[in-house]
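Remarks on the structure that follows.
The values are calculated or read from the model by the stated rules, or taken from the named source; none is laboratory data. These numbers were taken from a predicted model, which means no experiment stands behind them. Cβ placement follows ideal geometry from the backbone for every residue including glycine, while neighbour counts extend to all protein chains displayed. These accessible areas exclude ligands, DNA and RNA; they are computed on the full protein's heavy atoms, side chains included. Shrake-Rupley method; radii C 1.70, N 1.55, O 1.52, S 1.80 Å.
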Amino acid sequence: MSDETDRRTAIRRGYDDLADAYAAEREPSEGEVAAFQVLRDRLAAASSGSPTVVDAGCGAGTPVLEAFDGSPVEAVGIDFSSAQLARASERGSVLQGDVTALPIHSAAADAVTAFHSTIHVPTEQHEALYREFARVLRAEGWLLASVGEEGWAGSNPDWLDAGAAMHWSFPPLETTKEYLRDAGFSVVETWRSEDSIGDGSWAFLLCRLTDPEKGSTDASDAEGEAGSL
């Protein structure tokens, strides 16, 4: 088994094992709430129908599925943790899957959200990750993601004092923006948070898919496995 597989398994098991502890700690920050409200306003202004949103790494469904529950928006949460999905299913539609290979048809969504999920993907896969987000979006679709400002990689064998290990890694903010541009996104707005992650703080990026031809359209397309999308 490769180091990458070991790490992926540890993260999934970690989120399974600490579901209760994470739910108790998970409170959206002011920056996250503000950024999410801007996305909601953009979706409302751009669509006369029922926009679709994919929450990549939805966890227990907070804040995205919870916020869209009962609204005209068709939202679906994706996560590889069964325990997190069990909680998220109480707030909306869910599918089990990996954020690096979303079980969603190409060009099926109006927006992708990725709160506190890209930071668990190995840094060397981030360029492909943003292409995957671009793949599932329609032209002019939106991406709202939380990322780290400073490049960092680390782990904690007892995260949240819950007895579960966790791993993180991500590039510097400017590198993330380069990956986004290479995937066809234009960064529209950036919010910085006082909350820390690794050696720096969080940043929230609102991006628009302005060049969808740059996004991934290869065999990662999950035709036939997309649930409601």
Report task. With respect to D79, determine if the residue is open to solvent by less than 40 Å² (accessible area, probe 1.4 Å), in contact with a helix residue (DSSP H, G or I) (Cβ under 6 Å, 6 or more places away or on another chain) and within 25 Å of L180 (Cβ to Cβ). Result -> yes
Query raised in the report: If we only count strands (runs of 3 or more DSSP E) wholly inside the range 160-220, which ones have 1 or more residues that are more than 28 Å from E27 (Cβ to Cβ), at pLDDT 90 or above and of a type outside the set (V, I, T)?
Result: 185-197, 200-209
Report task. Any residue in the range 6-20 that's farther than 13 Å from I119 by Cβ: show its pairings with residues that are in a loop (DSSP other than H, G, I, E, B) and not hydroxyl-bearing (S, T, Y) at Cβ separation under 6 Å, as long as the two are six or more apart or on different chains. Result -> R12/F80; L18/L160; L18/A162
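Name the single residue that is surrounded by the most Cβ atoms within 10 Å (Cβ to Cβ) among those in the range 1-14 being farther than 30 Å from L209 by Cβ and among the aliphatic types (A, V, I, L, M).
That would be A10.
Answer yes or no: is there a residue in the range 127-144 that is of a type in the set (S, T, Y) and within 24 Å of Y22 (Cα to Cα). Write out each step before concluding.
Kept after step one, since they are of a type in the set (S, T, Y), are these residues of the range 127-144: 130.
Then keep just the ones that are within 24 Å of Y22 (Cα to Cα); that gives none.
So far as the range 127-144 goes, no, none of its residues is of a type in the set (S, T, Y) and within 24 Å of Y22 (Cα to Cα).
Could you tell me how many of the residues in the range 143-168 are of a type outside the set (G, A, S), open to solvent by 10 Å² or more (accessible area, probe 1.4 Å) and either touching a residue at least 60 places away in the same chain (Cβ under 8 Å) or over 24 Å from A101 (Cβ atoms) (or both)?
So in the range 143-168, the residues of a type outside the set (G, A, S) come out as 143-144, 147, 149-150, 152, 156-161, 166-168.
Narrowing further to those that are open to solvent by 10 Å² or more (accessible area, probe 1.4 Å): 149-150, 152, 156-161, 167-168.
Pick out the ones that are also either touching a residue at least 60 places away in the same chain (Cβ under 8 Å) or over 24 Å from A101 (Cβ atoms) (or both) and you get 149-150, 152, 156-161, 167.
Matching residues across the range 143-168 total 10.
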Query raised in the report: Since F80 meets every condition but one in (1) more than 24 Å from D3 (Cα to Cα); (2) in contact (Cβ under 8 Å) with a residue 40 or more places away in the chain, which condition does it not meet?
Result: (1)
Report summary line: Considering residues that are modelled with pLDDT under 85, buried (at least 19 other Cβ atoms within 10 Å of the Cβ) and not hydroxyl-bearing (S, T, Y), the number found within the range 15-61 is 3
Report task. Residues being closer than 21 Å to S193 by Cα and among the polar types (S, T, N, Q): count how many of those fall in the range 124-153. Result -> 1
Report task. Determine whether H126 is open to solvent by 10 Å² or more (accessible area, probe 1.4 Å) and not small (G, A, S). Result -> no
Report task. Can you tell me which residue within the range 62-73, out of those that are more than 18 Å from R26 (Cα to Cα) and either at pLDDT 95 or above or among the small types (G, A, S) (or both), is surrounded by the fewest Cβ atoms within 10 Å (Cβ to Cβ)? Result -> G70
Report summary line: Residue pairs within 7 Å by beta carbon, gap of at least six or interchain, first lying in the range 34-63 and farther than 25 Å from T100 by Cβ, second among the aromatic types (F, W, Y), listed first then second, are A34/W191; R42/W142
Query raised in the report: Scanning for something touching a Leu at 6+ places or on another chain (Cβ under 8 Å), closer than 19 Å to T210 by Cα and not in a strand (DSSP E or B), does the range 137-155 turn up at least one residue?
Result: no
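Listed here are the residues, each with its yes/no results for (1) within 14 Å of the chain's Cα centre (by Cα); (2) of a type in the set (D, E); (3) open to solvent by less than 10 Å² (accessible area, probe 1.4 Å).
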| site | (1), (2), (3) |
| --- | --- |
| S93 | no, no, no |
| D98 | yes, yes, no |
| A101 | yes, no, no |
| A107 | no, no, no |
| H116 | yes, no, no |
| R131 | yes, no, no |
| V136 | yes, no, yes |
